[in-house]
1. I'm trying to understand the selection: among the residues of region 6-31, which are outside any loop (DSSP other than H, G, I, E, B) and surrounded by 15 or more Cβ atoms within 10 Å (Cβ to Cβ)?
2. Could you count how many residues in region 55-74 are surrounded by fewer than 13 Cβ atoms within 10 Å (Cβ to Cβ) and closer than 21 Å to residue 28 by Cβ?
3. Loosely packed, with under 10 Cβ neighbours inside 10 Å, more than 18 Å from residue 6 (Cα to Cα) and at pLDDT below 90: is that true of residue 77 in this structure?
4. Can you name the residue in region 31-74 that is over 20 Å from residue 9 (Cβ atoms) and β-branched (Val, Ile, Thr) and is also modelled with the highest pLDDT among such residues?
5. For region 20-37, what are the residues that are hydrophobic (A, V, I, L, M, F, W, C) and more than 13 Å from the chain's Cα centre (by Cα)?
6. Restricting attention to region 32-48, which residues are in a helix (DSSP H, G or I), without any contact (Cβ under 8 Å) to a residue 12 or more places away in the chain and surrounded by 14 or more Cβ atoms within 10 Å (Cβ to Cβ)?
Amino acid sequence: MGIPQYNDIITISNTEISAEIIRAEKELFNLRFKKATRQPFKPHEIRHTKRRLAHLKTLLSSRLDIIEQNQSNVVSKLIRNQNYITEKF
């Protein structure tokens with residue numbers, strides 16, 4: 001399987017990223033539960049799942065920051081245009 005790469009998830013949409021985050025959190029919970037109850041599991045899967053979860057959350061937060069910046073730019077442009085229009089009258 002190998003360690004999940006950040007470049008592999010860049011093409012995923014925001015909705016799919018949210019679903020993957022939920023799936024990774026459930027998987028991490030199950031792995032920790034197996035560890036606590038001494039059931040057989042592969043210890044490296046915990047590290048891989050945590051890393052994948054971090055990649056997904058980082059990508060989602062960076063995309064949301066970009067969306068927020070674009071929206072604030074649009075609002076500031078509208079305010080400037082409105083001020084420009086009202087100054088003429």
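The values are calculated or read from the model by the stated rules, or taken from the named source; none is laboratory data. What you see is a predicted model, and the numbers here were worked out from it, not measured in a lab. Please note: Cβ atoms are built from the backbone with ideal geometry, for glycine as well, and neighbour counts cover all protein chains shown.
1. 17, 20, 21, 24, 27, 28, 31 - these are the residues of region 6-31 that are outside any loop (DSSP other than H, G, I, E, B) and surrounded by 15 or more Cβ atoms within 10 Å (Cβ to Cβ).
2. Summing the residues that are surrounded by fewer than 13 Cβ atoms within 10 Å (Cβ to Cβ) and closer than 21 Å to residue 28 by Cβ in region 55-74 gives 2.
3. Against the criterion (loosely packed, with under 10 Cβ neighbours inside 10 Å, more than 18 Å from residue 6 (Cα to Cα) and at pLDDT below 90), residue 77 does not qualify.
4. The extreme case among them is 37.
5. 28, 29, 31, 33, 36
6. Selection gives 34 alone.
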